[in-house]
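Working notes, beginning with the structure itself.
The values are calculated or read from the model by the stated rules, or taken from the named source; none is laboratory data. A quick note: this is a predicted structure, and the numbers were derived from the prediction, not measured. All Cβ positions, even for glycine, are placed from backbone atoms using ideal geometry, and neighbour counts span all protein chains on display. All accessible areas refer to the heavy atoms of the entire protein, side chains included, with ligands and DNA or RNA removed. Shrake-Rupley method; radii C 1.70, N 1.55, O 1.52, S 1.80 Å.
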Amino acid sequence: MLSVILPAYNEEKMISRAAERISQILGGAGIPYELVFVNDGSKDRTWEEIEKAAARDPNVTGVCFSRNFGKEAAMFAGLADAAGDCCAVMDCDLQHPPETLVEMYRLWEQGYEVIEGVKHTRGKESVMHRASAGLFYKIISRAVRIDMSRASDFKLLDRRAVDALLAIPERNTFFRALSSWIGFRTASVEFDVQERTEGQSKWSTWSLIQYAVKNIVSFSTVPMQCVTVAGAFVFLFAVVLGIQSLVRYFSGHAVEGFTTVILLILIIGSVIMISLGIIGYYIAKIYEEVKGRPRYLISRRLGHKKPDAGGKE
Ligand code: UDP
Ligand code: MG
């Protein structure tokens, strides 16, 4: 059986539409399936819509978070709750075309364990967005050592890969990169990102920046090495300036002016502060991991076979 995991945050208009489209396509292809909707603390009627869809279609199940925990948590909750031999994760705004699921499933039948959805085209985006996304993926690709420039969260995973992902204890997960990091027999399928028909994207520029910083830090320690490099530069500068000042002192012309002193204090001060900030960010992340709080809390669920799954892991 194929479990399709659909994280949903304020998607009341899309639930029934997504359930119908996906059922139609998977049913038509003769693939046994279940749809696992994860309501990520929506503020609208998303959960009621999921309940309605479940009443109409016995293949639909759902879990409801106690508040908004974010898409990463929602995807992991769905994976933890899914009963299928393989699990697919896709957006419930239908920006990931459900037809591609069939193609992915056929590859899974051929023995592939991780089937990645790769963006053929990125859909409508502003130039700024495209450029910053490009930079972000360049950094991440270097950290993971896999090309991530066209990666998406649209994937189909074999049970073995799902269990490997669920066994990872870290809280600051980055699904898109972790699914490559775990390895396994991998194939990819290209798809075109569709237009969103209802509602709006949950991403603001600021939340995208936070997302980028968080995930770079969770996969790479390069920013901390930058602190060392910056320190080395400042040291070189100090040696040159120090020698120059001493030569001038002994030759009888002491360095004139207060300006030099102020400039030095400002430059060194800001380098130190920025470095502390970078190190502080890593410490904050360590603190979050050490506290070991659950990734998400489930308040309600629909017709499930695994009543004690989720929440605690
Ligand atoms: N989503 C979620 N929790 C959040 C934000 C988004 O579960 O906090 C879901 C959302 O319902 C959708 C998917 O993640 O199914 C992708 O979100 P969105 O369409 O806003 O992102 P975009 O397609 O613009 O990258
Ligand atoms: Mg979307």
**Fill in**
Expected unfolding gain across Ile168-Phe184 under the 0.36 nm per residue rule, minus the alpha-carbon gap, is 4.2 nm
**Message:** Rounded, prolate or oblate for the stretch 1-144? Axes are the square roots of the Cα gyration tensor eigenvalues, ordered a ≥ b ≥ c, and the cut-off for rounded is a/c under 1.5.
**Reply:** oblate
**Prompt:** With every protein chain left in place, what is the accessible area of Ile265 in Å² (1.4 Å probe, nearest 10)?
**Reply:** 110
**Backbone HN-Hα couplings from phi across the stretch 222-234 [Karplus 6.51/-1.76/1.60, Hz, Gly and Pro as x]** = 4, x, 5, 5, 4, 4, 4, 4, 4, x, 5, 4, 4
**Asked** Using a 1.4 angstrom probe and counting only protein chains, how large is the accessible area of Thr197 in Å², to 10?
**Response** 90
**Asked** Mind checking which of Val189, Val38, Val247 has the largest fluctuation in a GNM of the chain, springs on alpha carbons under 10 Å?
**Response** Val247
**Three-way shape label, the stretch 96-182, alpha-carbon gyration tensor, a/c 1.5** = oblate
**Prompt:** Taking a threshold of 28 Å on the Cα-Cα distance, which of the pairs Lys138/Lys291; Lys71/Lys119; Lys119/Lys285 fall above it?
**Reply:** Lys138/Lys291; Lys119/Lys285
**Prompt:** Rounded, prolate or oblate: which fits the stretch 135-233, taking a ≥ b ≥ c as square roots of the Cα gyration tensor eigenvalues, rounded meaning a/c under 1.5, else prolate when a/b beats b/c?
**Reply:** oblate
**Prompt:** Once you mark the chymotrypsin sites (Phe, Trp or Tyr not before Pro) that are in a DSSP loop and have at most 12 other Cβ atoms within 10 Å, what is the longest gap between them in the chain?
**Reply:** 1-202
**Message:** Under the rule of at least 5 residues apart or a separate chain, name every residue whose amide H is placed under 5 Å from the amide H of Gly62.
**Reply:** Phe37, Leu302
**Request:** Quick one: angle between helix 12-28 and the longest Cα principal axis of the chain, in degrees between 0 and 90, rounded to 10, please.
**Result:** 60
**Request:** Compare Ala164, Ala74, Ala54 in a GNM of the chain, Cα atoms joined below 10 Å, and give the one with the largest fluctuation.
**Result:** Ala164
**Fill in**
Under the Karplus relation with 6.51, -1.76 and 1.60 and θ = phi - 60°, whole-Hz ³J(HN,Hα) for the stretch 58-65, x at Gly and Pro, equal x, 7, 9, 10, x, 10, 10, 7
**Asked** Per Stokes-Einstein, at 25 °C and 0.890 mPa s, what whole-number D in µm² s⁻¹ belongs to the stretch 184-313, with the Kirkwood radius over Cα pairs as the hydrodynamic radius?
**Response** 116
**Prompt:** Residues with amide H under 5 Å of Ile5's amide H, sequence separation 5 or more or different chain, H placed in the peptide plane at 1.01 Å from N; which?
**Reply:** Val36, Ala88, Val89, Met90
**Message:** Within 11 Å, Cβ to Cβ, of Lys202, how many net charges do the neighbouring residues add up to if Lys/Arg are +1 and Asp/Glu are -1?
**Reply:** -2
**Asked** Tell me, what HN-Hα J-couplings in whole Hz come from the Karplus equation 6.51 cos²θ - 1.76 cosθ + 1.60 at θ = phi - 60° for each residue of the stretch 164-178, using x for Gly and Pro?
**Response** 5, 5, 5, 7, 6, x, 5, 8, 7, 7, 9, 3, 4, 8, 4
**Fill in**
Counting only DSSP loop positions in the stretch 148-221, the GluC sites (Glu not before Pro) whose Cβ has at most 12 other Cβ atoms within 10 Å are Glu170, Glu195, Glu198
**Where Rh is the Kirkwood radius over Cα pairs, Rg/Rh for the chain** = 1.13
**Prompt:** What do you reckon, how do His120, His96, His253 stack up by accessible area (1.4 Å probe), largest on top?
**Reply:** His253, His120, His96
**Item:** Kirkwood Rh, angstrom, the stretch 69-144 [1 / mean 1/r, Cα pairs]
**Value:** 15.0
**Request:** Can you send over the solvent-accessible area of Ser245, 1.4 Å probe, protein chains only, in Å² to the nearest 10?
**Result:** 40
**Item:** Normalised contact order of the chain, rounded percent, pairs of Cα under 8 Å and 6 or more residues apart
**Value:** 22
**Request:** May I ask for the longest run of the chain untouched by trypsin sites (Lys or Arg not before Pro) that are loop-located per DSSP and have at most 11 neighbouring C-beta atoms (other than their own) within 10 Å?
**Result:** 146-304
**Once the Cα gyration tensor of the stretch 53-209 is diagonalised, semi-axes √(5λ) in Å** = 23, 20, 17
**Complete:** The value for the stretch 14-76 (convex hull of the alpha-carbon atoms, volume per residue, Å³) is 84
**Prompt:** What residue among Leu276, Leu263, Leu101 has the largest mean-square fluctuation in a Gaussian network model of the chain, using Cα springs under 10 Å?
**Reply:** Leu263
